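Okay, structure first, notes after.
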Amino acid sequence: FFELVESYDGEARARLLLFATGYARLPPGGFARLAPRLTVTVDVRGDPARLPTAHTCFNALTLPPYASRADLAAKLGVALAHGAHFGLR
């Protein structure tokens, strides 16, 4: 996961931050000041066919146990492209 994030450009990293936390920008002081802290968890019993899930109230990202980095990149890419558009109407 972290190798993939390191390969992201600034725009992709911003989409990941928005997806996982609901924040468009980090607070002053960066990740050290993000409360609650961002957590990334692999759900070993999860279905690898599913997309990652975010729990923005808790700044938590849950990943299914993908078989490869390519699978992770593809599924996370779909989630980031389509998952940051939430809200109440």
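Considering (1) farther than 18 Å from residue 2 by Cβ; (2) at pLDDT 95 or above, the lone condition that residue 87 does not fulfil carries the number (2). For the range 1-23, what are the residues that are under 17 Å from residue 64 (Cβ atoms) and touching a residue at least 60 places away in the same chain (Cβ under 8 Å)? Hits for the range 1-23 are 1, 4, 16, 19. Whenever a residue of the range 41-59 is part of a strand (DSSP E or B), its partners that are modelled with pLDDT of 95 or more and of a type in the set (Val, Ile, Thr), lying with C-beta atoms within less than 6 angstrom and at least six residues away or across chains, give the pairs 41/62; 53/62. Every residue in the range 48-81 that is within 15 Å of residue 36 (Cβ to Cβ) and not aromatic (Phe, Trp, Tyr), please. Within the range 48-81, 54, 55, 56, 57, 59, 60, 61, 62 meet the criteria. The residue that is farthest from residue 81 (Cα to Cα), counting only those in the range 1-40 that are assigned to a loop (DSSP other than H, G, I, E, B) and of a type in the set (Gly, Ala, Ser), is 29.
Reported count of residues in the range 23-76, each being among the hydroxyl-bearing types (Ser, Thr, Tyr), closer than 17 Å to residue 12 by Cα and in contact with a helix residue (DSSP H, G or I) (Cβ under 7 Å, 6 or more places away or on another chain), is 1. Would you be able to say whether some residue in the range 2-14 is at pLDDT 95 or above and in contact with a helix residue (DSSP H, G or I) (Cβ under 6 Å, 6 or more places away or on another chain)? The answer is yes, given that some residue of the range 2-14 is at pLDDT 95 or above and in contact with a helix residue (DSSP H, G or I) (Cβ under 6 Å, 6 or more places away or on another chain).
Applying the criterion of being closer than 15 Å to residue 5 by Cβ and free of Cβ contacts under 8 Å to residues at least 12 places away in the same chain to the residues of the range 24-40, the residue that is surrounded by the most Cβ atoms within 10 Å (Cβ to Cβ) is 26. The numbered conditions (1) within 10 Å of the chain's Cα centre (by Cα); (2) of a type outside the set (Val, Ile, Thr); (3) in a helix (DSSP H, G or I) are all true for residue 73 except (1).
The values are calculated or read from the model by the stated rules, or taken from the named source; none is laboratory data. Treat the numbers as computed from the prediction; the structure is a model and nothing was measured. Cβ sites come from the backbone with ideal geometry, for glycine too, and all protein chains shown count toward neighbours.
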